[in-house]
Amino acid sequence: MKAYHLAIVRPADSATQRTTQILSSESDVSSFSFFQRGSVEEFLEFFSVTVAERTQVGQRQAVEENDNFAYAYRSSPNLCAIVITDREYPSRVALGLAAKMIDEYTKVHDDRFIDAAQGKAGFAVLKEFIGKYQDPKQADSIMKLQQELDETKVVLHKTMESLLERGEKLDALVDRSNQLSSQSKMFYKTAKKTNSCCIVM
């Protein structure tokens, strides 16, 4: 599971003839070779812009391209968050991250800043998120809880299996003790009969 790219995009507006602009982005292309990284980053930015332009206001969507997914959330006409991941990355976590990116960005930047932005600006929260969300189980509390439940389930199954094995062993012991008890009773009766012919004084 890998998150490759996070971007905050201001989609094009035909009324003001404003073009689509990436306001801030952060990438983790460390899994690619050094010589491919520049091309990969260009593709990620192109993919982000393309998906943002095709996402309606209020819409959350996932767009597949080869083995990658772009998750988009467009909260307003001026703002769209894009999260690009590999195929295995959980969609719920990616879309939750997109919503969180919008929330954090709008806390710091108002509509005037977004409208007037002419280029890409750094946004430290994206750098933090790209690192934190590489392991979605640690970043998402529900996934973390699900993992803990799965681990508990495994432990319970092992405990139940050992109890069943112990129970089977106990059953075998009880059967043996019943057999032993029957044999003991027979031995006692036989011994009593044998000893009854002779009286010891």
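By per-residue mean of other Cβ atoms within 10 Å, what is the highest-first order of 121-134, 79-92?
The densest-packed peptide leads the list: 79-92, 121-134.
At 4 °C and 1.567 mPa s, grab the translational diffusion coefficient of the stretch 1-123 from Stokes-Einstein with a Kirkwood Rh over Cα pairs, rounded to a whole number in µm² per second.
Translational diffusion coefficient: 90 µm²/s.
Per-residue counts of other Cβ atoms within 10 Å, averaged by peptide: what ranking do you get for 55-61, 95-101, highest first?
95-101, 55-61
Using Cα pairs under 8 angstrom and six or more residues apart, how large is the relative contact order of the stretch 1-115, in percent?
29 percent
Quick one: work out Rg over Rh on the C-alpha atoms of the stretch 15-84, Rh as Kirkwood radius.
Rg divided by Rh gives 1.00.
Using the heavy atoms of the protein chains alone and a 1.4 angstrom probe, what is the accessible area of the stretch 59-141 per residue in square angstrom?
Normalised by residue count, the accessible surface of the stretch 59-141 is 50 Å².
Roughly how many percent of the accessible protein surface of the stretch 10-70 is carbon and sulfur, given a 1.4 Å probe and a whole-percent answer?
Its accessible area is 48 percent carbon and sulfur atoms.
The values are calculated or read from the model by the stated rules, or taken from the named source; none is laboratory data. These numbers come from a predicted model, not from an experiment. All Cβ positions, even for glycine, are placed from backbone atoms using ideal geometry, and neighbour counts span all protein chains on display. Ligands, DNA and RNA are stripped out before the accessible areas are found, and what is left, the full protein with its side chains, is counted by its heavy atoms. Shrake-Rupley method; radii C 1.70, N 1.55, O 1.52, S 1.80 Å.
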